[in-house]
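Report on one structure; see the data block that follows.
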């Protein structure tokens with residue numbers, strides 16, 4: 001069941017005009033921002049399907065950028081996000097892709113700051129609900145049936161155990177988990193799907209653990 | 001707990017509870033949050049809906065494209081003249097649905113129900129029928145939980161995304177949700193609520209998503225007006241004892257199939273239907289030409 005909460009249906013409270021193309025886009029942008037851990041200097045935005053065809057009319061561009069500036073779906077500053085980005089020194093490039101992907105509302109973001117780079121692909125499945133399907137070239141196998149936790153961390157022994165420990169302490173059950181890395185001892189990615197919601201307080205507790213870089217959650 | 005409308009109705013019968021209460025209990029079970037927190041969040045959503053309706057009715061908001069706005073005020077003025085043919089409560093609901101979607105098109109604050117493009121139907125029906133049914137605040141909050149329960153079933157068995165299932169998935173879903181919620185608020189049974197959902201969905205089956213210029217304006221705003229009126233009529237028919245010959249869950253399956261087989265041109269790509277009419281294309285050129293010239297001035 002992709003939609004689990006009554007507030008997936010009655011909600012979110014948001015700035016118009018489209019839950020999938022505006023609110024969903026803002027959420028994808030915000031997850032990207034949280035995982036990147038800071039404001040990027042430049043972001044390439046690749047739009048697919050309906051996103052590519054209608055992003056201007058739906059304010060998808062404005063909303064994605066709002067999310068990248070850490071604005072929530074109901075933040076009225078979303079309306080002026082493109083101007084805010086310019087002032088904040090965030091440069092942007094939009095690409096309307098022709099390729100047909102599995103879901104019509106897909107966006108791929110490439111965030112850069114100096115030599116740092118992060119790639120993330122999200123889909124907006126309706127009513128403001130989103131899923132992350134790819135991160136730094138790793139295809140994520142999340143079911144989308146539970147809240148998800150994304151953690152970029154230092155590839156060191158014990159990192160997985162400490163995160164699992166915090167979740168256990170808060171009586172959060174892990175339903176799915178994957179860990180990946182490109183180079184031993186450098187940055188690794190932990191993706192965890194849970195049965196219970198992960199509150200901002202728990203996410204904060206995890207980000208404060210040793211070896212953690214950035215943490216993002218998706219309900 | 002429940003995946004289909006028939007399972008939902010079975011639970012209401014077994015536990016002797018209204019649909020809204022089953023939804024609240026499921027939410028507590030699913031999220032582990034307290035009833036108080038959950039109800040408070042829904043009260044907040046209700047306040048956002050009320051504020052959007054008030055704004056649209058009083059302000060004659062205009063969208064950024066200049067394509068839409070001010071119709072809620074027109075309908076409301078006409079309503080006050082006492083000339084309304086379709087009945088005061090029905091037209092009141094219509095004006096409030098339009099008000100919500102005009103605020104949405106103007107990038108104002110709304111609550112998606114189930115989506116932003118279809119955000120007018122549920123609050124339109126709720127606030128439009130308020131004077132007739134005189135609900136308490138608790139009943140109004142329950143209205144939203146009942147609507148949510150129906151939307152939850154549709155979202156998981158068909159779709160609530162125009163890009164995936166056409167407008168039937170958006171305004172169609174909202175219409176079914178509002179119809180069921182209105183039945184419960186008017187004192188009808190959960191079975192009658194299910195019949196109302198079936199009748200509402202049957203009448204939006206196949207509705208395409210063809211937004212002019214890709215904007216959530218034409219025809220979205222007026223389709224919310226249609227959705228609000230259809231929800232009220234469906235609720236009335238169900239309360240009168242009319243039953244759908246095709247069971248509600250089968251209607252939802254049909255809706256899923258229709259959405260799957262609907263051509264891409266009719267699924268929020270602005271490439272077909274009204275978006276592809278000569279006037280639709282002309283408006284698109286006009287809007288994007290003026291936006292790009294605005295940008296070049298900056």
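The values are calculated or read from the model by the stated rules, or taken from the named source; none is laboratory data. Quick caveat: nothing in here was measured; it's all calculated off a predicted structure. Ideal geometry is used to build each Cβ from the backbone, glycine not excepted, and the neighbour counts take in all protein chains shown.
Details
- When A:148, A:188 are checked against the criterion of being crowded, with 19+ Cβ neighbours inside 10 Å and closer than 24 Å to residue A:3 by Cα, A:148 stands alone in meeting it.
- One residue from A:26, A:32 being within 12 Å of chain B (Cβ to nearest Cβ) and closer than 16 Å to residue A:109 by Cβ: A:26
- Boolean, residue B:13 is more than 10 Å from chain A (Cβ to nearest Cβ), part of a helix (DSSP H, G or I) and either farther than 25 Å from residue B:146 by Cα or in contact with a helix residue (DSSP H, G or I) (Cβ under 9 Å, 6 or more places away or on another chain) (or both): yes
- Odd one out for residue A:80 among (1) within 13 Å of chain B (Cβ to nearest Cβ); (2) under 17 Å from residue A:113 (Cβ atoms): (2)
- For the stretch A:191-216, residues that are over 26 Å from residue A:4 (Cα atoms), out of contact with any strand residue (DSSP E or B) (no Cβ under 7 Å at 6 or more places or on another chain) and in contact (Cβ under 8 Å) with a residue 40 or more places away in the chain total 2.
- Residue ID - nearest to the other protein chains (Cβ to nearest Cβ), chosen from residues in the stretch A:163-219 that are closer than 20 Å to residue A:134 by Cβ and outside any strand (DSSP E or B): A:219
- Screening residue B:207 on (1) away from chain A (no Cβ under 14 Å); (2) in a helix (DSSP H, G or I); (3) crowded, with 24+ Cβ neighbours inside 10 Å shows it passes everything except condition (2).
- Once the stretch B:144-177 is narrowed to residues that are assigned to a loop (DSSP other than H, G, I, E, B) and at the interface with chain A (Cβ under 7 Å from one of its Cβ atoms), the residue that is farthest from residue B:23 (Cα to Cα) is B:161.
- Some residue of the stretch B:111-121 being in a helix (DSSP H, G or I), at pLDDT 95 or above and buried (at least 20 other Cβ atoms within 10 Å of the Cβ): yes
- When the stretch A:40-76 is filtered for residues that are within 12 Å of chain B (Cβ to nearest Cβ), part of a loop (DSSP other than H, G, I, E, B) and over 19 Å from residue B:64 (Cβ atoms), only A:72 remains.
- When restricted to residues that are in a loop (DSSP other than H, G, I, E, B), touching a residue at least 60 places away in the same chain (Cβ under 8 Å) and either surrounded by 24 or more Cβ atoms within 10 Å (Cβ to Cβ) or not assigned by TED's automatic domain parsing to the domain that holds residue A:79 (or both), the stretch A:1-39 contains 8.
- Failed condition for residue B:147, given (1) within 21 Å of residue B:244 (Cβ to Cβ); (2) in contact (Cβ under 8 Å) with a residue 40 or more places away in the chain: (2)
- Selection of the stretch B:242-279 for residues being buried (at least 20 other Cβ atoms within 10 Å of the Cβ) and within 13 Å of chain A (Cβ to nearest Cβ) yields B:259, B:262, B:266, B:267, B:268, B:269, B:270, B:275.
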